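Student: The structure that follows is given in the form of structure tokens.
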Amino acid sequence: MVERRNLNHAAAIHCTTEAEAIDVRQYGIKAPIIKLPLGVEQVAVNPQAVGQLHSEYNIGEQTPIILFLSRLRHNKCPDMLIKALSLINTNRLDFHLLIAGSGEPDYVNYLKQLLISLNLSNRVTFTGFVQNEQKNLLLQGADLFVLPSVSENFSIATAEAMAAGLPVIVTPGVQIASEIIAANAGLVVERNTDALFGGISKLLSSPKLREELGNNG
């Protein structure tokens, strides 16, 4: 309502995905669209990352690490991820979740209380905000990346995970989902607890599939 005239008189609107371009048109914007994905840095490979990450967070050597890397907010749905993990039979599938990111204290406390109520506190670690080498360590040392977000116009974190060779699990609201499907670089599941549980269980139970999807990414 406020910026429509400015947008329609722009030389072009930069959209990072086809889905974002569709959103722009649905808002009635008539200016030309340039579709150009965002770029991520290809970081140097750290062959010791897996061992270092397990050691730093005192995680068993054979325990697969699930990584959530994003702001801790309702629309990123880390609580849905936690609830999905509570459905996993830990006698069959081992895992440890690293939640990397910061958020409002009340929401973070809600997540911690949720973990306690679901008896998952010993399988989840909050790393806090990470960047640079620490973020690279998480991306290279984890086994899979999960982002069940309501809406992401692109998701740099998901692209960084794929660039690091991580298989990813995302929901359709992450707008590079179609590219992930086309590249067979991960799983796109519906944004609900059961679908997340199914996707995570599938990758936890198949190291070979994780490797294949990660290489494709």
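The values are calculated or read from the model by the stated rules, or taken from the named source; none is laboratory data. If you're wondering where the values come from, they're calculated on a predicted model, not measured in any experiment. FYI the Cβ positions are ideal-geometry reconstructions off the backbone, even for glycines, and counts take in every protein chain you see. These area figures cover heavy atoms from the full protein model, side chains too; ligands, DNA and RNA do not enter into them. Shrake-Rupley method; radii C 1.70, N 1.55, O 1.52, S 1.80 Å.
Student: Carbon and sulfur: what percent of the chain's accessible surface (1.4 Å probe)?
Tutor: The value for the chain is 50 percent carbon and sulfur by accessible area.
Student: Does anything in the stretch 111-138 have its amide N under 20 Å from the 7 Å Cα→Cβ label point of VAL45, and if so which residues?
Tutor: Residues passing the 20 Å test: 133-138.
Student: Now for a different question. What are the extents of the Cα atoms of the stretch 138-209 along their three principal axes, in Å, largest first?
Tutor: Computed over the stretch 138-209, the largest-to-smallest principal extents equal 29, 27, 22 Å.
Student: How much space per residue, in cubic angstrom, does the convex hull of the C-alpha atoms of the stretch 1-81 take up?
Tutor: Taking only Cα atoms, the stretch 1-81 has a hull volume of 177 Å³ per residue.
Student: Cut-off 10 angstrom, C-alpha nodes, Gaussian network model of the chain. Which of ASN109, ASN46, ASN91 fluctuates the most?
Tutor: Greatest mean-square fluctuation among the candidates belongs to ASN91.
Student: Which whole-number percent gives the relative contact order of the chain, counting Cα pairs below 8 Å spaced six or more residues apart?
Tutor: Once divided by the residue count of the chain, the mean separation gives 21 percent.
Student: What number comes out for accessible area per residue over the chain if the probe is 1.4 Å? Units Å², please.
Tutor: Accessible surface, normalised per residue, equals 53 Å².
Student: A follow-up question, please. Evaluate 2.2 N^0.38 Å with N set to the residue count of the stretch 107-172, then give the Cα radius of gyration divided by it.
Tutor: Relative to the rule-of-thumb radius for its length, the stretch 107-172 sits at 1.24.
Student: Translational diffusion coefficient, Stokes-Einstein: compute it for the stretch 43-141 using the Kirkwood radius over C-alpha pairs as Rh, at 37 °C and 0.692 mPa s, and state it as an integer in µm² s⁻¹.
Tutor: The Stokes-Einstein estimate is 232 µm²/s.
Student: Of the candidates VAL40, VAL189, VAL146, which one comes out as most mobile in a Gaussian network treatment of the chain with C-alpha springs shorter than 10 Å?
Tutor: In the Gaussian network model the winner is VAL40.
Student: Pop the C-beta distance of SER205 and MET1 into the FRET formula with R0 = 41 Å and round what comes out to the nearest 0.05.
Tutor: Computed FRET efficiency for SER205 and MET1 comes out at 0.25.
Student: On to the next question. Kirkwood Rh over Cα pairs of the chain into Stokes-Einstein at 10 °C, 1.306 mPa s: D in µm²/s?
Tutor: Reported coefficient: 87 µm²/s.
Student: To continue, here is another question. For the stretch 141-146, just list the computed ³J(HN,Hα) in residue order, Karplus coefficients 6.51, -1.76 and 1.60, θ = phi - 60°, integers in Hz, with x standing in for Gly and Pro.
Tutor: Result, ordered by residue: x, 7, 9, 7, 10, 10 Hz.
Student: Enumerate the amide H contacts of LEU72 below 5 Å, restricted to partners 5 or more residues apart or on another chain; note that Pro and chain-start residues carry no placed amide H.
Tutor: The list, which skips near neighbours in sequence, is SER102, GLY103.
Student: Would you mind checking LYS135/LYS202; LYS35/LYS76; LYS35/LYS135; LYS30/LYS83 for any pair whose Cα atoms are more than 31 angstrom apart?
Tutor: Result: LYS30/LYS83 exceed 31 Å.
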